[in-house]
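One structure is given here, and the rest of the page talks about it.
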C-alpha cells in the first residue's frame with residue numbers, strides 16, 4: 001500500500017511540476033537543509049509547535065503506521081504519538097532531490113536512536129518529502145511519507 005502511495009505521489013509530483021521554471025541544486029539543498037535542521041532538533045526536543053510550523057495547513061502525512069493524516073490538526077495527533085517515544089537522536093540523510101521552483105521532492109533515510117533507561121535501540125526509516133513554494137517565496141511541507149527501511 002505504501003509503495004503504491006509513493007509511486008502515485010511521484011506521478012502527481014511529476015505532472016504538477018513546471019519544467020520551464022528551474023531551481024538550482026544548491027537552492028534545493030538549502031531548502032532541504034532548513035527542514036533537516038528544524039526536524040533534527042525538534043524531534044528529540046519533542047517540540048510539536050516547531051514541527052507543525054513546517055507543514056502546510058492542508059498537508060498530508062503518512063507515518064509508518066500507514067494511517068493517512070490530512071491537515072495540521074490530524075498531523076499534530078500523529079506526531080503526539082510519535083513524540084511519546086524516547087527519541088535521543090534524529091538524523092535525516094538525503095539520497096535524492098529533484099524539482100522546480102514550485103515543488104521540491106526529497107527522498108532519504110532517517111537514522112534514529114531511541115533510549116529507555118539503559119536500553120538503546122537504533123532505527124532506520126525511509127522518507128519522501130515534498131516541499132511546496134508558498135506565495136511569500138518560502139517552502140512548507142506539502143507531503144511527508146515515512147516507511148521502514150528494508151535495505
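The values are calculated or read from the model by the stated rules, or taken from the named source; none is laboratory data. What you see is a predicted model, and the numbers here were worked out from it, not measured in a lab. Neighbour counts are summed over all protein chains in view; Cβ atoms, including those assigned to glycine, are modelled from backbone coordinates with ideal geometry.
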Taking into account only those residues within region 27-54 that are in contact (Cβ under 8 Å) with a residue 24 or more places away in the chain and more than 21 Å from residue 112 (Cα to Cα), which is surrounded by the most Cβ atoms within 10 Å (Cβ to Cβ)?
28
In contact (Cβ under 8 Å) with a residue 60 or more places away in the chain and touching a helix residue (DSSP H, G or I) at 6+ places or on another chain (Cβ under 9 Å) - does that describe any residue in region 87-94?
yes
What tally of residues in region 42-61 results from selecting those that are out of contact with any helix residue (DSSP H, G or I) (no Cβ under 6 Å at 6 or more places or on another chain) and at pLDDT below 95?
3
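Out of region 104-127, which residues are more than 19 Å from residue 42 (Cβ to Cβ) and touching a helix residue (DSSP H, G or I) at 6+ places or on another chain (Cβ under 6 Å)? Walk me through it before giving the result.
From region 104-127, those more than 19 Å from residue 42 (Cβ to Cβ) are 104-105, 107, 116-122, 124, 126; that's our starting set.
Passing the criteria: 104, 105.
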Quick count over region 26-40, residues being within 18 Å of residue 83 (Cβ to Cβ) and more than 14 Å from the chain's Cα centre (by Cα), is 0
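If I ask for residues that are part of a strand (DSSP E or B) and on the phi > 0 side of the Ramachandran plot, which ones from region 52-107 would you list? Reasoning before the result, please.
Of region 52-107, the ones part of a strand (DSSP E or B) are 55-62, 69-70, 87-99, 103-107.
Within region 52-107, 99 is the sole residue that qualifies.
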